[in-house]
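The values are calculated or read from the model by the stated rules, or taken from the named source; none is laboratory data. Quick caveat, the model's predicted, so the values are computed rather than measured. Neighbour counts are summed over all protein chains in view; Cβ atoms, including those assigned to glycine, are modelled from backbone coordinates with ideal geometry. Areas reflect the complete protein model, heavy atoms only, side chains present, ligands, DNA and RNA absent. Shrake-Rupley method; radii C 1.70, N 1.55, O 1.52, S 1.80 Å.
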Amino acid sequence: MIAVDIRKLTVKFGEFTAVDQVSLSVRKGEIFGFLGANGAGKTTTIRVLCGLLVPTSGHVRVAGYAPEDGLEKIKTRVGYMSQRFTLYDDLTVAENLKFSGSLRGIVGRKLEQRIEELLEFVGFSRATGAFVKDLPGGIKQQVSLAASILHDPEIVFLDEPTSGVTPGARERFWKLIRELAGKGKTVFVTTHYMDEAEHCERIALMKDGKIIALDSPGGLKASTFRTPLLEILPSRKMAEGSWLPQLRAHPAVESIEPYGMRYHLVISDPARLGEVKAQIPPSFEISQTAPSLEDVFIRLVEAGFIK
Amino acid sequence: MKWQMKWSRIIAVLRKEVFHILRDPFTLALALALPLILVLVFGLAIEFNIRELRMAVHDGDRTYQSRGLTEVLGSSGYFKLTNEVSPVAAMGALEGERAKAALIIEKNFGKQLGSEQVARAQVLLDGSDNSTVGLILGYLNGVQKIAEHKFLPEVASSNLEIRTKYLFNGELNSRWFTVPGLLAIVIAILSILLTSLTIAREWENGSMELLLSTPIRPLEIVIGKLVPYLVLGLGAATFVYLLARLGFGVPFRGSHFVLIPGVLLFITAYLTQGLLISVITRRQQLAMQLSMMTGLLPSILLSGFIFPIENMPPFFQVFTSILPAKWFIQISRGTFLSGSGFAELATPFLALFVLNGVLIMLATKNFKKDLEP
């Protein structure tokens, strides 16, 4: 079953094209990731899918409804957790959730039950009378998530849900996302963190409003790196780099990208591996490594690699 | 696009807004303390009345009539007279700042008055102090009428306009005049400033997007957010009204059924203006500055609250017509002091209706463009 279907979606703000001819479809129960730099068009796409923006052209179908059928049909079936923190600081956790619930038409005993249920689900163990401003970032995100799924939506859009929280909180948050998907919810996530993207079943890479790659994490890695990826690690703390330009000019070397203290090197011709290795000073350790999504991202988005 | 307006959603927004107000010391302080401070400053500290103004008098006529004129001036309580031997000496007193005004009565004053010619007495004013000049002119106008009444009773009794002025604020008491105007200032501050801040805040912290991602309609958001401020504005207006009546003893000669619709029209106009500002700016800081510039300052300076509009240059006399405060001050002063009804206040009411219409149209247009996808 298809939860989200987009055909040639284009959104323009004046002369600026924020989303350019994007097509994709997401099946029910899938965790779908949106990756891209700021301004790549991720948030704009999500805002269209949540009924907050009308596309300039193209077809959109969310939970079986198009924007033309009435935006409220979409709005009642999706949950949206915005990139910016949108709970009210001067309201308590309970007041915030009750407010969100009332806007969705959930009232009375049913609302209280639902709040209790969701706070348990997200692992909120504090007093619901606590003011939101007094909560740490990770807990706020949990409450935000609870607020966005109060009405039991079929599709949940999470726009950078883990920005600015601790690694531990991020881990817990992704556990919740997987649980949601396990319950049959479709989860649409955007993120900056490459390691998080590994949790997604499929990832769309966006650049300048276009999708430049769409596959599973494994598929993306395999298609982007058809030849071995070498990791070059200095064995001493201060290693000289004078060999770099010479190696970069080598015909069998496709690219060398710095990774902190290390370098990732892509060989274009696996047959000449030994030849390349000989060029690297002995003070570096060389190992063949599996590409991460970060390698994929750098290669596709920043280096502009085209398959 | 259309779905039913739900009271439950409006009430949810309203409840939330009340929490915001109750928990925000700035809003509360502004709503409670500001009317009080303004009433105290404008009602007590600033005295627009001038008493015992020094006036140098040269009576070159020395007749029964000229003495009568100086007597009227002296007994009015506004002027303290000093006798000067010559017109030059009187001018000297004015130049040396020993007097704010000089009165020179020429030799034939009494004779002219008796022979039904125009009798002339010259008043010289220190134009460098223009804040007192206006008041002195006002007083002189009154004094002249009293003098006319004394010398030529039939002229004064036929002059209805001046008679009414005297009836309504016989003492020319500036507080009676100022305090009803304060109603406009207090409402202006609460309505424009707080409204523009509350909606700009939702934009600024991103919660407007959260609101809009739910099935709530933009109109429901606006109603829910504005009603608490309408109540706050009405509360402040009642407070100023009670202070005026009980604290300052300002009479209320008109009908509350005239004043209350006026207050409601005026609050709506400024709530809408605040809404318009917040939709355009979307930032609290900018909204606050714009509210001050387009709401508060013109309400104080250009509405006739302090400076009479009749004394403004022709351009401003026309320009001030776009200020709701100008019209509301007329309604407020009219109902308080002269007991005017809808008939007398037809122009201000009509003007407020038109301004409301224009503001609501502008706000809706901009609001729709921004919010309804």
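Of the residues A:Leu135, A:Leu111, A:Leu91, which single one is touching a residue at least 40 places away in the same chain (Cβ under 8 Å) and either within 13 Å of chain B (Cβ to nearest Cβ) or in contact with a strand residue (DSSP E or B) (Cβ under 8 Å, 6 or more places away or on another chain) (or both)?
A:Leu91
Scan segment A:187-235 for residues that are among the hydroxyl-bearing types (Ser, Thr, Tyr) and over 24 Å from A:Asp20 (Cβ atoms) and jot them down.
A:Tyr193, A:Thr227, A:Ser235
Any idea which of A:Val187, A:Val143, A:Val253, A:Val156 is over 22 Å from A:Gly33 (Cβ atoms) and under 20 Å from the mean Cα position of the chain (by Cα)?
Just one listed residue meets the conditions, A:Val143.
Residue under question is A:Ala146, and the condition is that it be surrounded by fewer than 21 Cβ atoms within 10 Å (Cβ to Cβ) and of a type outside the set (S, T, N, Q); does it hold?
No; evaluated as a whole, the condition is false for this residue.
Among the residues of segment A:179-186, are any among the charged types (D, E, K, R), modelled with pLDDT under 90 and surrounded by 15 or more Cβ atoms within 10 Å (Cβ to Cβ)?
No: segment A:179-186 contains no residue that is among the charged types (D, E, K, R), modelled with pLDDT under 90 and surrounded by 15 or more Cβ atoms within 10 Å (Cβ to Cβ).
Show the residue pairs that are 6+ apart or on different chains and have beta-carbon atoms under 6 Å apart, the first residue being within segment B:12-24 and without any contact (Cβ under 8 Å) to a residue 60 or more places away in the chain, the second being aliphatic (A, V, I, L, M).
Sorted first by the residue in segment B:12-24, then by its partner, the pairs are B:Phe19/A:Leu91.
Out of everything in segment A:57-74 that is of a type in the set (D, E, K, R) and under 15 Å from A:Ala3 (Cα atoms), what residue ends up being nearest to the other protein chains (Cβ to nearest Cβ)?
Across segment A:57-74, the extreme among qualifying residues is A:Lys73.
Every residue in segment B:261-310 that is open to solvent by 40 Å² or more (accessible area, probe 1.4 Å) and within 16 Å of B:Leu226 (Cα to Cα), please.
The answer is B:Leu264, B:Thr268.
Counting only residues that are modelled with pLDDT of 70 or more, give me the helices (runs of 4 or more DSSP H) lying completely in segment B:107-190 with at least 2 of them.
Of the helices (runs of 4 or more DSSP H) lying wholly inside segment B:107-190, those with at least 2 residues that are modelled with pLDDT of 70 or more span B:109-114, B:130-151, B:174-188.
Take the conditions touching a Gly at 6+ places or on another chain (Cβ under 9 Å) and within 12 Å of chain B (Cβ to nearest Cβ) and apply them to A:Ser82. Does it pass?
Yes.
In the list A:Glu179, A:Glu171, A:Glu254, which residue meets the criterion of being without any contact (Cβ under 8 Å) to a residue 12 or more places away in the chain and either acidic (Asp, Glu) or not in a loop (DSSP other than H, G, I, E, B) (or both)?
After applying the criteria, what remains is A:Glu171.
Look at segment A:94-104 and say how many of its residues are in contact (Cβ under 8 Å) with a residue 24 or more places away in the chain, more than 7 Å from every other protein chain (Cβ to nearest Cβ) and open to solvent by 20 Å² or more (accessible area, probe 1.4 Å).
Looking only at that region, the number is 1.
Of a type in the set (Asp, Glu) and not assigned by TED's automatic domain parsing to the domain that holds A:Pro153: is that true of A:Glu201 in this structure?
In short, no.
Kindly evaluate A:Lys133 against the criterion of being of a type in the set (D, E, K, R), within 25 Å of B:Pro218 (Cα to Cα) and at pLDDT 90 or above.
no
Having 2 or more residues that are of a type in the set (Lys, Arg) is the bar; report the helices (runs of 4 or more DSSP H) wholly within segment B:251-333 that clear it.
Correct list: B:324-333.
Identify, from the list A:Gly33, A:Gly79, the residue that is within 30 Å of B:Arg9 (Cβ to Cβ) and under 17 Å from the mean Cα position of the chain (by Cα).
A:Gly79
Scan segment B:189-213 and report the pairs whose first residue is away from chain A (no Cβ under 14 Å) and touching a residue at least 60 places away in the same chain (Cβ under 8 Å) and whose second residue is open to solvent by 10 Å² or more (accessible area, probe 1.4 Å) and outside any helix (DSSP H, G or I), with Cβ atoms within less than 7 Å and a gap of 6+ or a chain change.
B:Ala200/B:Arg282; B:Ala200/B:Arg283
Go through segment B:203-230 and give me each residue that's crowded, with 19+ Cβ neighbours inside 10 Å and within 33 Å of the chain's Cα centre (by Cα).
Hits for segment B:203-230 are B:Ile221, B:Val222, B:Gly224, B:Lys225, B:Leu226, B:Pro228, B:Tyr229.
Tell me which of these A:Val54 doesn't satisfy, since it passes every other one: (1) open to solvent by 40 Å² or more (accessible area, probe 1.4 Å); (2) closer than 23 Å to A:Val122 by Cα; (3) facing chain B (nearest Cβ under 7 Å).
Every listed condition holds for A:Val54 apart from (2).
Considering only segment A:114-132, how many residues are open to solvent by 40 Å² or more (accessible area, probe 1.4 Å) and either at the interface with chain B (Cβ under 9 Å from one of its Cβ atoms) or touching a strand residue (DSSP E or B) at 6+ places or on another chain (Cβ under 7 Å) (or both)?
Qualifying residue count, segment A:114-132: 3.
Those residues that are of a type in the set (Asp, Glu) and either assigned to a loop (DSSP other than H, G, I, E, B) or under 18 Å from A:Ser82 (Cα atoms) (or both), I need them from segment A:197-218; list them, please.
If the condition is that a residue be of a type in the set (Asp, Glu) and either assigned to a loop (DSSP other than H, G, I, E, B) or under 18 Å from A:Ser82 (Cα atoms) (or both), then A:Glu198, A:Glu201, A:Asp208 are the ones that fit.
Given the conditions (1) within 10 Å of chain B (Cβ to nearest Cβ); (2) in contact (Cβ under 8 Å) with a residue 12 or more places away in the chain; (3) open to solvent by 60 Å² or more (accessible area, probe 1.4 Å); (4) not aliphatic (A, V, I, L, M), report the number of the one that A:Arg77 does not fulfil.
Here A:Arg77 clears every test but (1).
So is A:Ser268 at pLDDT below 80 and either more than 30 Å from A:His199 (Cβ to Cβ) or of a type in the set (S, T, N, Q) (or both) or not?
no
What number of residues within segment B:9-32 are more than 8 Å from chain A (Cβ to nearest Cβ), at pLDDT 85 or above and under 22 Å from B:Val186 (Cα atoms)?
4
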